[in-house]
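Let me begin by presenting the structure, written as structure tokens, before commenting on it.
The values are calculated or read from the model by the stated rules, or taken from the named source; none is laboratory data. Worth saying up front: this structure is predicted, and the values here are computed from it rather than measured. Neighbour counts are summed over all protein chains in view; Cβ atoms, including those assigned to glycine, are modelled from backbone coordinates with ideal geometry. Just the protein is used for accessible areas: all its heavy atoms, side chains included, with ligands, DNA and RNA removed. Shrake-Rupley method; radii C 1.70, N 1.55, O 1.52, S 1.80 Å.
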Amino acid sequence: MNTNEAPDNVRLIGGEMLLWSDMSGLGGVVDWRGAALELLGRVLPDDGRVLLVGPHPQALVDDVVARASSAAVLLRSYPDARALAERHPGLTVHCGRLELLADEEPYELVVALDGLLRTHSAEAPAAAWDEALGALADLVAPGGRLVLGVHNDLGVDRFVEARPTGRECADDQWAPHGFDPSYPGGPGALDVGLESAGLSVQRCYAAFPDRRAPRSLLSREALGFDLPEALTFALSAGDGDRMLVADPLRVSRLVFRHRLGEELAPLWVAVATRPPRATGASRAVELPLGLIEDGQALYELTPTGTRRLPGGEERPVPAGRVVEELLVEACAREDVRTIRELLSELAAWLEEGGEVSAAADSLVHDGERFAAVNPPAAPATPPEPRVVLCRILWRFAVRLLAAGHHHPWPWPLEADQLTLTLCGMAGHTCDPGDLDLARKLDAELGRPAELAADAPAYRDLLSARDRLADQLTAALARIARLETKLSYRERELVRAKAKLRRTQRKATAYRRTLGYRLSRRLARPRKVARRVMRLLSG
């Protein structure tokens with residue numbers, strides 16, 4: 001590649017990788033969306049220099065460049081730097097290693113949401129994490145801020161993936177990860193590292209549900225509270241083409257239930273500041289307590305509830321348990337009575353004018369009433385309650401079967417058949433036509449439930465195998481008992497037949513004796529008397 005063809009706004013600082021691209025690698029770029037954009041929008045200086053370090057999503061870079069008065073980017077990949085410079089002619093793009101940018105003038109805001117692992121190149125040995133953090137901190141001006149993302153080596157997403165995460169033998173892993181003692185092993189170690197670099201932590205967030213596509217940021221203060229289930233249930237959903245060994249929803253729910261959300265977060269996002277000079281003061285910024293994405297909507301977590309951004313009204317988070325988890329728990333216990341009672345109450349709630357756009361995974365029940373958690377906008381034409389109920393139960397059936405949960409109905413049952421069964425238990429008779437209307441309503445609401453094309457999680461398959469093995473062992477034991485009983489009955493039958501044959505032979509021999517014949521004749525006196533009278537009269 002001819003580097004002389006680089007755009008004028010690309011600066012080669014040394015250590016650049018001329019034939020490498022981080023945007024097309026196996027690891028890819030963390031898919032930051034609404035939550036990260038909102039956080040950066042609040043810390044972005046009105047008039048100051050901004051530096052993006054490492055690869056970031058194109059939408060995030062475009063937003064920062066459009067809003068910042070002066071922006072620059074540091075990338076180690078020359079093809080990525082060239083493509084970015086061509087897309088933004090007024091943007092300064094530095095290409096090379098982070099350590100070689102230390103002489104640059106400091107910035108009022110430095111953003112490194114991708115972390116520090118992709119700030120070095122194969123042209124030189126990789127620097128330790130604390131050394132790279134020191135070089136990054138030197139780029140923060142007095143009174144400026146650093147927004148740093150750090151991947152957690154023991155995040156909850158690491159426990160549910162079947163493929164190894166530390167050493168996938170990809171081309172970008174020439175420096176194996178996990179052997180650096182300075183890499184933070186927890187939020188406390190991250191705070192110590194930032195303070196050692198001369199920065200003070202303003203707020204630290206835990207990102208969920210996974211490190212590849214974080215959709216929510218929860219601060220340390222928020223995780224210290226007992227978060228309601230209606231809030232944490234949505235943070236547990238995992239998607240993508242990963243090979244799983246366990247249900248991410250079940251594992252994440254245990255993490256929040258035991259208040260380990262910060263320690264086991266997939267990644268952390270720290271907002272740190274450098275103390276200002278004596279003559280100046282840093283700009284005051286009100287950082288959110290938490291940011292949660294739900295589909296296309298973005299919500300801010302407040303001390304008393306949530307409010308939709310931008311400009312939405314604050315509303316409390318409803319108390320109670322998520323209906324889907326109540327049903328899954330009852331299915332695991334094969335408690336058909338509880339399922340029938342809960343579904344009957346749900347059907348009655350819908351008949352009385354319940355939320356038509358809610359679903360089992362966005363409804364909570366406190367034992368007396370149902371409440372919707374951030375439901376999507378209702379359709380223009382309200383559907384019939386029967387169709388709404390059918391849609392809720394169809395979504396639940398799809399998610400139940402996709403996760404491989406146990407249920408008290410035949411295992412070969414498909415989602416449509418299970419939906420009709422659940423509708424019958426709720427007291428409503430639905431037909432395939434109602435199912436079609438329910439699927440159309442689900443697609444119209446913008447969050448369609450899709451039938452799983454992949455097999456259940458590996459741990460669920462092992463559990464199903466063990467369950468089938470136990471059933472097979474019990475069946476074989478019963479067969480063995482029946483075979484033993486059958487063999488005993490056959491021997492008894494043979495002995496009975498032999499005894500019957502002996503008895504028949506004895507009876508035949510007895511009938512041939514003279515006494516038996518005389519007794520048989522004398523046993524019929526009328527016949528004998530008639531014969532005697534005929535002889536005498538004859």
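Ordered by 1.4 Å accessible area with all protein chains kept, Phe256, Phe159 run largest first as Phe159, Phe256.
Measuring with a 1.4 angstrom probe and ignoring ligands and nucleic acids, Arg502 comes out at about 120 Å² accessible. Here the simple spin-label model places points 7 Å from the Cα toward Cβ, and for Ser182 and Gln504 these points are separated by 10.1 nm. Candidate cross-link partners of Lys497 among the lysines, defined by an alpha-carbon separation under 21 Å and a same-chain spacing of 8 or more, comprise Lys485, Lys506.
With the simple spin-label model, which puts each label point 7 Å out from Cα in the Cβ direction, the His406 to Lys527 separation comes to 7.4 nm. The fraction of accessible area contributed by carbon and sulfur in the stretch 1-114 is 46 percent, rounded to a whole number (1.4 Å probe; ligands and nucleic acids excluded). Based on DSSP H segments of at least four residues, each scored -39500 (n - 2.57), the chain has a per-residue ellipticity at 222 nm of -12500 deg cm²/dmol. With the whole protein complex present, Trp174 retains an accessible surface near 90 Å², based on a 1.4 Å probe. The mean sequence separation of alpha-carbon pairs under 8 Å and at least six residues apart, normalised by the residue count of the stretch 314-379, gives a relative contact order of 42 percent. Across Lys440, Lys485, the residue with the most accessible area heads the list, and the full order at a 1.4 Å probe is Lys440, Lys485.
Think of a 1.4 Å ball rolled over the protein heavy atoms: the chain then has 52 Å² of accessible area per residue.
Counting each pair of different Cα atoms once, what's the Kirkwood radius of the stretch 344-404 in Å, rounded to one decimal? Here the Kirkwood hydrodynamic radius works out to 12.1 Å.
Protection proxy ranking of 422-429, 261-268, by the mean of other Cβ atoms within 10 Å over each peptide's residues and highest first, is 261-268, 422-429. With the contact rule set at Cα under 8 Å and sequence spacing of 6 or more, what percent relative contact order holds for the chain? 11 percent. Residues Thr92, Thr381, sorted by accessible area with the largest first, give Thr381, Thr92 [1.4 Å probe; ligands and nucleic acids excluded]. Normalised by residue count, the chain yields a Cα convex hull volume of 283 Å³ per residue.
As a calculated quantity, the FRET efficiency between Ile479 and Arg511 at R0 = 51 Å, using C-beta atoms, amounts to about 0.60. Per the Debye formula on identical point scatterers at the alpha carbon atoms of the stretch 25-172, with no solvent, log10 I(q)/I(0) at q = 0.08, 0.14 Å⁻¹ is -0.22, -0.70. The accessible area of Leu39, taken with all protein chains in place and a 1.4 Å probe, comes to roughly 0 Å². Sorted from longest to shortest, the spans of the Cα atoms of the stretch 1-90 along the three principal axes equal 40, 30, 20 Å.
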